[in-house]
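Remarks on the structure that follows.
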Amino acid sequence: MQKVSVALARRPESIGQEVIVQGWIRTRRDSKAGFSFLEVNDGSCLGNIQVIAEATLPNYESQIKRLSAGCSVTVEGVVHQSPGKGQSTEIRARRIVVHGEADTETYPLQKKHHSFEFLRTIAHLRPRTNTFGAICRVRNCVSRSIHNFFQEEGFLYIHTPIITTSDCEGAGQMFRVTTLDPANPPKLGQEVDYTQDFFGRCAYLTVSGQLDVECFACAVGKVYTFGPTFRAENSNTSRHLAEFWMVEPEMAFFDLTDTMDLAERFLKRIFRDVLAQCPEDMQFFAQRIDPTVIDTLERIVQSQFVRLAYTEAVEILKASGEAFEFPVAWGHDFQAEHERYLTEKRFRCPVILYDYPRTIKPFYMRLNDDGRTVRAMDVLVPKVGEIIGGSQREERYDVLLERMNEQGLDPDDYWWYLDLRRYGTVPHSGFGLGLERAVQFITGMGNIRDVIPFPRTPGSAEF
Ligand code: 4AD
Ligand code: MG
């Protein structure tokens with residue numbers, strides 16, 4: 001007898017096979033004819049396998065008739081063609097082992113609709129719901145697709161550190177890493193003396209692996225890092241997390257246009273893979289979350305992204321006649337409402353904005369000849385807004401130094417980053433895709449907290 005997944009047991013080619021299936025009960029229904037229907041789910045797919053449990057099973061009265069949502073079981077039996085609607089197979093059980101009961105009085109996931117807000121309070125159990133099972137599978141598919149894409153393109157996967165002493169984005173939104181006693185830290189005058197801390201200086205959780213991965217791009221060419229990143233920004237929005245996953249490719253000898261081309265091909269590849277590999281889950285999102293998700297992805301993989309200079313975007317927004325809450329002015333960052341106008345109303349597709357004002361972008365972006373803008377690019381998508389941020393990097397030593405000073409960064413802290421420009425500097429570029437923003441866009445989920453297993457947000461890190 002073979003242990004098989006529910007996904008495999010549901011397929012017609014399993015008919016006639018003796019199998020073992022293991023999972024959790026979703027529902028039990030008793031027939032007057034003296035047997036019970038069990039719906040078992042193991043997370044391998046959205047659907048359940050229907051199990052027929054006859055009253056002749058030795059533990060029928062003592063255990064099977066007490067099964068309820070959340071109980072765990074091993075089922076041995078033969079897969080049959082199912083006469084019922086909604087499934088092609090079912091298992092006639094020969095033996096059912098009950099591993100764990102789930103008290104119906106207290107088990108929170110009874111068969112009724114639960115709000116996503118409520119499910120966040122039981123984040124340890126929400127993976128057992130249809131929505132979160134589907135999210136797990138889509139998120140996994142996206143992660144695999146990311147690796148496949150870069151591996152097939154000849155990129156090397158670089159593991160950049162989580163603990164860092166430099167602020168990549170220069171925004172000062174970092175979590176401190178320290179082993180000093182908070183009640184009694186060593187002092188130098190009024191200030192805490194971090195030279196006595198674990199690393200002999202201030203250390204933080206990284207906001208981006210970019211600076212480190214640039215060292216490898218400037219040695220082995222095309223690289224990417226893919227890991228958790230941390231931002232201590234106090235933004236309680238549906239698109240921000242304090243801990244999120246970012247994939248950051250970095251390419252030597254790539255200019256901004258090469259990078260926009262790569263980003264567009266990369267996103268289309270991910271969307272195509274999800275459509276091909278998770279059709280059942282995508283149907284579910286289309287039915288339950290957002291009816292447009294499949295059409296949107298199908299349209300995007302066929303279409304071309306719009307590419308628009310920041311300055312042109314400002315003109316379009318000003319001429320739009322829209323009553324924006326935040327007025328549009330050159331030199332200001334776009335607000336969500338502006339991004340949504342461009343992607344949802346004006347162009348109705350992903351938009352790559354590039355050449356932003358130097359004052360609103362980090363120090364490492366390459367200065368354009370106009371002196372006012374930098375070779376930045378953001379990829380915006382409908383509803384979610386920015387999912388990719390990237391740029392061509394400033395490869396000229398003097399210009400980079402000036403930009404650091406301009407942004408109040410101490411060049412001594414970045415001596416090794418500056419060295420890349422002193423020794424064999426090359427034009428190079430890269431970007432970061434927020435994994436959760438991508439999953440949010442693909443699935444249509446309204447809140448980013450519901451596309452990561454255990455969200456970290458201001459005031460919340462329970463599980
Ligand atoms: O635009 P960001 O800040 O770019 C960087 O960090 C660059 N160092 C990347 C690079 O060029 N290598 O962040 C990149 C992406 C955003 O477009 C967004 O998708 C996501 O990371 N992101 C967040 N996702 C969830 N919660 C947050 N607080 C996020 N901040 C950024
Ligand atoms: Mg950004």
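The values are calculated or read from the model by the stated rules, or taken from the named source; none is laboratory data. If you're wondering where the values come from, they're calculated on a predicted model, not measured in any experiment. All Cβ positions, even for glycine, are placed from backbone atoms using ideal geometry, and neighbour counts span all protein chains on display. Just the protein is used for accessible areas: all its heavy atoms, side chains included, with ligands, DNA and RNA removed. Shrake-Rupley method; radii C 1.70, N 1.55, O 1.52, S 1.80 Å.
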Next item on the list: Answer yes if at least one residue in segment 193-202 is touching a residue at least 40 places away in the same chain (Cβ under 8 Å) and surrounded by 14 or more Cβ atoms within 10 Å (Cβ to Cβ), and no otherwise.
Entry: no
Check: Condition test on Gln392, is it at pLDDT below 95, polar (S, T, N, Q) and closer than 22 Å to Ala171 by Cα?
Finding: no
Notebook entry, point to check: Among helices (runs of 4 or more DSSP H) lying entirely in segment 367-455, which contain 2 or more residues that are out of contact with any Pro (no Cβ under 8 Å at 6 or more places or on another chain) and open to solvent by less than 10 Å² (accessible area, probe 1.4 Å)?
Noted result: 397-406, 435-443
Notebook entry, point to check: Quick one: how many residues across segment 122-157 are of a type in the set (D, E, K, R) and open to solvent by 60 Å² or more (accessible area, probe 1.4 Å)?
Noted result: 3
Checklist line | Failed item in (1) part of a loop (DSSP other than H, G, I, E, B); (2) out of contact with any helix residue (DSSP H, G or I) (no Cβ under 8 Å at 6 or more places or on another chain); (3) crowded, with 17+ Cβ neighbours inside 10 Å, with Thr160 passing the rest | finding: (2)
Next item on the list: Would you mind stating whether Asn184 is modelled with pLDDT under 95, open to solvent by 30 Å² or more (accessible area, probe 1.4 Å) and among the polar types (S, T, N, Q)?
Entry: no
Next item on the list: Tell me the strands (runs of 3 or more DSSP E) entirely within segment 1-86 that contain at least 1 residues that are among the aromatic types (Phe, Trp, Tyr) and touching a helix residue (DSSP H, G or I) at 6+ places or on another chain (Cβ under 9 Å).
Entry: 18-31
Item checked: Sole residue being buried (at least 18 other Cβ atoms within 10 Å of the Cβ), of a type in the set (Ser, Thr, Tyr) and touching a strand residue (DSSP E or B) at 6+ places or on another chain (Cβ under 8 Å), chosen from Thr311, Thr259 -> Thr259
Notebook entry, point to check: From the list Val328, Val301, which residue is in contact with a Leu (Cβ under 7 Å, 6 or more places away or on another chain) and open to solvent by 20 Å² or more (accessible area, probe 1.4 Å)?
Noted result: Val328
Notebook entry, point to check: Within segment 438-450, how many residues turn out to be within 10 Å of ligand 1 (Cβ to nearest atom) and more than 15 Å from Asn236 (Cα to Cα)?
Noted result: 3
Checklist line | Conditions (1) closer than 16 Å to Ile387 by Cα; (2) open to solvent by less than 10 Å² (accessible area, probe 1.4 Å); (3) within 10 Å of ligand 1 (Cβ to nearest atom); number of the one not met by Phe244 | finding: (2)
